[in-house]
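The values are calculated or read from the model by the stated rules, or taken from the named source; none is laboratory data. Note that the structure is a prediction, hence the values are computed from the model and not measured. Neighbour counts run over all protein chains shown; Cβ positions are idealised from the backbone, glycine included.
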Amino acid sequence: MKKQWDELQRLFIDPDVLRKAAWCVPLFYYILEFMTFQQLMRYEQLGRVTAEPLWPVFWVGYLGGYAAFTPHIFLILLTAATTLGAAFYRYRTARVFVFLAVMQYQAYIMSLFNQEHDYYIPLFVSLFLIFLPNVWRGAPPLEERRRFLVIFWGAQAYILLTYTMSGFYKIVTFFGQFASGGAHYFSRDAAALYVAFWQMQFERTSVLGDFIVEHQMLSSLGLIAVLYILTFSIFVTARPRIHRAWGIALLAFHLSTVVSLGIIFIYNVLFVAAFFLLSPFAPEKNGWREMLRDLPIIGFIARAIL
Amino acid sequence: MTSSLTLRLIVGFLVVYFLVGAAIYGRTPADELYPFFSWSLFKDVPQRTMRINTLRITAVDGKELERPLLHTEAREFFDEERVDNANYLFHELAQALEMGDDAVAADMRRRIEQGLPPGTHYDLVEMDIGTIEFWKSREAVETRVLRSFTSD
């Protein structure tokens, strides 16, 4: 682990890594703009529901006779901020505006609906990116270049932490379900039960739903692979050689939720692609042995035999 | 701010974020305390047999239907786009009725009825199901009517 950490420290001052990271930042803001387009399509839905506002949008309760314009206000704010962010991401003022607008919009839709998780990653990544020094003009000093890459790495670490937390609570829940004698994460029919229940909940079908229910043992092995990918994600932050491979693994996980449950996490797919498939820390060339050795847990075995 | 301090602050933030997530886990609705979230998504493996609450429409606009329709079978009467997370609301309504919590029950009804035309008669039902069997056939082991309502 220390060796990998030392390697990361070296990459924090690598000018080539900085150049690549500087290209990934606008990509994040373009994805936010794409998200805005999707939210604009929800206009009618937003206007039909009312609820108690969360604390960042307490002021909605004081709109009085203008309350009917609430969806317009939030959508205009989000559109203005993300468009400015996409165009002027180099300027901190624009990045602050994006963060504030994302926070306002997220709090608003979370006040209306349950299960609105799409904007957590944009919220915290946009918060991190506020503190980026401007390395896009001139020749920035070494300390600024290093700080830029440290912050970019922090955004990557936050994204991976969300996956780790998701895996962690599956393990916590497993112990409870196992102790109570019911179906649990490692049950033979666990994947089939996930498919049946969540397809009923969301009234959806999926490409592999029938297959998973019919081949329960095979599909439950897939669930174990999912647990490994999720839980150990955070350990990948300090292993740049497997950033791309882990990005592919996370995309495979998202693909699995589409073909099994019929649930798509489209924005996560884009963030994983921008921050890990294009990870500026990943080396251009990579040997499979080195990558195997860097894998969490599996790496222990790989290092012993390779 | 130096890059070393920035790095320490980031690591500190990630630790705090994880710990706050752990602190709110199981203690707040949906394990969320804005802007923190435990990310405990899809953590429970659904059980093999279940008791679920759902909604059955019996009459619309004063006309009784030929047979009661589950909300999933009655898309022309139940606009799910206007009712976020309908299954959760049915469950909460059933819980509120059992606990005698009139305020929550009224709120749940209001949210459910945003998807129903005024004057629709509907039953809140409780079903015992085999999870995989119900997914395949939509046949419940047993169905009980908990309460009947008419939408405002």
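Taking into account only those residues within region A:195-215 that are facing chain B (nearest Cβ under 7 Å) and of a type in the set (A, V, I, L, M), which is nearest to B:P46 (Cα to Cα)? My answer is A:A196.
On the stretch given as region A:175-189, residues that are in a helix (DSSP H, G or I) and either more than 8 Å from chain B (Cβ to nearest Cβ) or under 24 Å from the mean Cα position of the chain (by Cα) (or both) total 5.
Taking the criterion of being within 11 Å of another protein chain (Cβ to nearest Cβ), crowded, with 16+ Cβ neighbours inside 10 Å and at pLDDT below 95, the residues of region B:129-150 that qualify are B:F134, B:W135.
Just one of the numbered conditions (1) surrounded by 18 or more Cβ atoms within 10 Å (Cβ to Cβ); (2) more than 14 Å from chain B (Cβ to nearest Cβ) is not true of A:V57: (2).
If you go through region B:1-14 and keep only what is in a helix (DSSP H, G or I) and exposed (fewer than 11 other Cβ atoms within 10 Å of the Cβ), you end up with just B:G12.
Take region B:17-60 and flag every residue that is part of a helix (DSSP H, G or I), modelled with pLDDT under 95 and either at negative phi or in the same structural domain as B:E76 (by TED's automatic domain parsing) (or both). The one that is part of a helix (DSSP H, G or I), modelled with pLDDT under 95 and either at negative phi or in the same structural domain as B:E76 (by TED's automatic domain parsing) (or both): B:P29. When we screen B:T49, B:T28, B:T54, B:T58 for residues that are among the β-branched types (V, I, T) and free of Cβ contacts under 8 Å to residues at least 60 places away in the same chain, the only hit is B:T28. Each residue in region A:90-120 was checked for being away from every other protein chain (no Cβ under 12 Å) and either modelled with pLDDT under 95 or part of a loop (DSSP other than H, G, I, E, B) (or both), and 2 of them qualify. With respect to the stated conditions, A:A87 is at pLDDT 95 or above and surrounded by fewer than 18 Cβ atoms within 10 Å (Cβ to Cβ). If you go through region A:78-116 and keep only what is within 20 Å of the chain's Cα centre (by Cα), without any contact (Cβ under 8 Å) to a residue 40 or more places away in the chain and more than 25 Å from B:L9 (Cβ to Cβ), you end up with A:N114, A:Q115, A:E116. Restricting attention to region A:42-54 and to residues that are modelled with pLDDT of 85 or more and either more than 14 Å from chain B (Cβ to nearest Cβ) or outside any helix (DSSP H, G or I) (or both), the residue that is surrounded by the fewest Cβ atoms within 10 Å (Cβ to Cβ) turns out to be A:R42.
Remark: pairs (first residue in region B:1-16, within 9 Å of chain A (Cβ to nearest Cβ) and at pLDDT 95 or above; second residue part of a helix (DSSP H, G or I) and surrounded by 12 or more Cβ atoms within 10 Å (Cβ to Cβ); Cβ separation under 6 Å; 6+ apart in sequence or on different chains) = B:T6/A:R147; B:T6/A:V150; B:L7/A:V150; B:I10/A:G154; B:L14/A:A157; B:L14/A:L161.
Could you tell me whether any residue of region A:52-70 is under 30 Å from A:C24 (Cα atoms) and within 21 Å of the chain's Cα centre (by Cα)? Looking for residues that are under 30 Å from A:C24 (Cα atoms) and within 21 Å of the chain's Cα centre (by Cα), one finds none in region A:52-70, hence no. Of the residues A:A225, A:A192, which is farther than 22 Å from B:F37 by Cα and either within 11 Å of chain B (Cβ to nearest Cβ) or in contact (Cβ under 8 Å) with a residue 12 or more places away in the chain (or both)? Residue meeting the stated conditions: A:A192. Checking each residue in region B:15-30 for being of a type outside the set (A, V, I, L, M) and surrounded by 16 or more Cβ atoms within 10 Å (Cβ to Cβ) picks out B:Y17, B:F18, B:G21, B:Y25.
For first residues located in region B:80-92 and in contact (Cβ under 8 Å) with a residue 12 or more places away in the chain, partners that are of a type in the set (D, E, K, R) and part of a helix (DSSP H, G or I) and lie 6+ apart or on another chain with Cβ distances below 6 Å form the pairs B:A86/B:E80; B:L89/B:R111. Is it the case that region A:236-247 has a residue that's in a helix (DSSP H, G or I), farther than 27 Å from B:Y17 by Cβ and out of contact with any strand residue (DSSP E or B) (no Cβ under 6 Å at 6 or more places or on another chain)? The answer is no, given that none of the residues of region A:236-247 is in a helix (DSSP H, G or I), farther than 27 Å from B:Y17 by Cβ and out of contact with any strand residue (DSSP E or B) (no Cβ under 6 Å at 6 or more places or on another chain). For region B:67-87, residues that are part of a helix (DSSP H, G or I) and surrounded by 17 or more Cβ atoms within 10 Å (Cβ to Cβ) total 3.
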